[in-house]
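Everything below concerns the one structure shown next.
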Amino acid sequence: MEDRIERLFTSIDNLFDEGCVDVVREVRSNEALRKQCNRLFPPKKDKSSTTLALEAYGLRFDTYVPNRKELENCLFIGEDYKVEVDIYRYNELLVCCNIDQSDLDDLLRPIKTELRLEALSNFVRETSPDMISYSSLREYPHLRVLVEQDLGGIEKFRERFNLDKRMVFYANTSKTRSLINNGFYFEELLENHLFGKVNAQVTYKDSRPDFVVEGNWFDAKLSKGTALFHKVNTIPKYLEHTDHLTIIYAYDDGADTSEVESLYNVDFVHVSEYYDLMSAEAVAEFEDLIERVGVLKGRSI
C-alpha cells in the first residue's frame with residue numbers, strides 16, 4: 001500500500017518537474033492517475049478521492065497567502081543580471097496556495113522590483129567604473145530601462161552611484177535600499193580596518209571580488225545568507241578562478257550554509273573572527289552596524 005502511494009506521489013512530483021501549470025486539473029483529468037487515487041484514497045462524503053490524495057501529497061485547497069520567503073524563492077538573478085522566475089517553485093506555489101496566477105504575480109511584483117535593483121547593484125560592483133557607460137548598458141536593455149525609468153537617466157545614475165568610491169546607493173527610506181547602503185558601508189569598514197584599499201575591488205577576468213589578499217579571495221556579505229539568496233551565483237563563479245573563497249559577513253541571519261560549504265571550497269566567517277586584528281574603535285563601528293542591521297531586519301542581535 002505504502003509503495004503504491006509513493007508511486008502516485010512520484011507521478012505528481014514528475015508533473016511539477018515537467019512544469020505543469022495546473023497539477024490539480026491534470027491529476028483529475030488523467031484517467032490513470034484518477035484511478036490510482038480512487039484505489040488508494042476511498043472518497044468520503046465531503047471529499048473526492050483525488051482531493052484526498054492531493055491533500056495527502058501536501059497540497060492545499062483552502063487559499064493560503066505565501067509568506068515572504070516562499071515568494072523570494074520563486075525569483076533569482078540569472079545570466080546578464082536578469083530577474084528570472086523559478087518555474088518549478090512558481091507552479092508549486094500556485095497549487096499549494098490554491099491562488100490564481102494573477103494574484104501570485106501581484107504578490108511577486110514588489111519583490112521583483114527589489115531584486116532588479118539588487119541586480120543593478122551587482123552590475124555596478126562587478127564592472128570596472130571606467131567601463132560603465134550608456135554604451136555598456138546597451139548590452140543589458142533591462143538594466144537600461146531601470147536606469148532610465150527609475151533613476152532618471154544615465155547622468156543621475158552616475159551621480160547616485162559614486163563609482164570612484166564604489167557604489168553608494170541613492171538615498172531612500174525604504175528598508176531594502178537601507179540594507180543595500182549598509183552592505184556597502186560594511187565593505188568600506190572592511191577596507192578601512194582590515195584589508196586596505198590596495199586589496200579592494202580587484203578585477204580578474206569576468207569577476208570582481210571584494211578583496212584579494214595574497215591570492216586569497218574574500219567576498220563581503222551584509223548577512224550570512226545573502227550569498228545563498230535568489231540563487232546568487234557568486235560562489236561557483238568565483239571558484240572558477242580561485243581554489244578557495246571566504247564569505248565574510250556582518251549579520252548572522254541563521255542561514256544554514258552547511259550544504260554549500262560541503263559542495264564548494266568556501267568558508268563563511270563572521271567579521272568578529274577578525275576583531276583581534278582591529279582597534280577598539282573599529283570593532284565598535286562594526287558592532288554599531290550589526291545592531292543597525294538587526295533593527296532593519298526586525299530581529300534582535
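Brief remarks follow.
- Selected residue (criterion: surrounded by the fewest Cβ atoms within 10 Å (Cβ to Cβ)) from residues of the stretch 240-285 that are touching a residue at least 40 places away in the same chain (Cβ under 8 Å) and assigned to a helix (DSSP H, G or I): 277
- Residue pairs meeting the criteria (Cβ under 7 Å; at least 6 apart or on separate chains; first under 19 Å from residue 16 (Cα atoms) and modelled with pLDDT of 90 or more, in the stretch 68-80; second of a type outside the set (Val, Ile, Thr) and loosely packed, with under 12 Cβ neighbours inside 10 Å): none
- Residue 88 vs. criteria closer than 29 Å to residue 13 by Cβ, at pLDDT 80 or above, among the aromatic types (Phe, Trp, Tyr) and in a helix (DSSP H, G or I): yes
- Taking the criterion of being closer than 19 Å to residue 96 by Cα and basic (Lys, Arg), the residues of the stretch 1-33 that qualify are 25, 28.
- The stretch 29-67: number of residues that are of a type in the set (S, T, N, Q) and under 30 Å from the mean Cα position of the chain (by Cα): 2
- Test result for residue 119, assigned to a helix (DSSP H, G or I), modelled with pLDDT of 85 or more and more than 18 Å from the chain's Cα centre (by Cα): no
- Any chance residue 38 is of a type in the set (S, T, N, Q) and within 30 Å of residue 227 (Cβ to Cβ): no
- Meets criteria (among the small types (Gly, Ala, Ser), modelled with pLDDT of 85 or more and out of contact with any strand residue (DSSP E or B) (no Cβ under 6 Å at 6 or more places or on another chain)) for residue 135: no
- Exclusive hit being part of a helix (DSSP H, G or I), modelled with pLDDT of 80 or more and of a type in the set (D, E, K, R), set 158, 144: 144
- Test: residue 206 is under 30 Å from residue 87 (Cα atoms) and either surrounded by fewer than 19 Cβ atoms within 10 Å (Cβ to Cβ) or among the acidic types (Asp, Glu) (or both): yes
- Complete set of residues in the stretch 256-287 that are among the polar types (S, T, N, Q) and within 17 Å of residue 225 (Cα to Cα): 257, 258, 262, 265, 272
- Residue match in the stretch 84-96 (condition: acidic (Asp, Glu) and closer than 14 Å to residue 68 by Cβ): no
- Qualifying residue in the stretch 64-71 (condition: surrounded by fewer than 19 Cβ atoms within 10 Å (Cβ to Cβ), touching a His at 6+ places or on another chain (Cβ under 8 Å) and of a type outside the set (S, T, N, Q)): no
- Qualifying residue in the stretch 24-40 (condition: surrounded by 15 or more Cβ atoms within 10 Å (Cβ to Cβ), over 14 Å from residue 5 (Cα atoms) and at pLDDT below 85): yes
- Test result for residue 52, surrounded by 11 or more Cβ atoms within 10 Å (Cβ to Cβ), out of contact with any helix residue (DSSP H, G or I) (no Cβ under 7 Å at 6 or more places or on another chain) and outside any loop (DSSP other than H, G, I, E, B): yes
- Of the residues making up the stretch 83-105, at least one is under 27 Å from residue 209 (Cα atoms), touching a residue at least 24 places away in the same chain (Cβ under 8 Å), surrounded by 19 or more Cβ atoms within 10 Å (Cβ to Cβ) and not hydroxyl-bearing (Ser, Thr, Tyr).
The values are calculated or read from the model by the stated rules, or taken from the named source; none is laboratory data. Just so it is clear, the structure is predicted and the values come from calculations on it, not from any experiment. With ideal geometry, Cβ positions are generated from the backbone for all residues, glycine too; neighbour counts draw on all protein chains shown.
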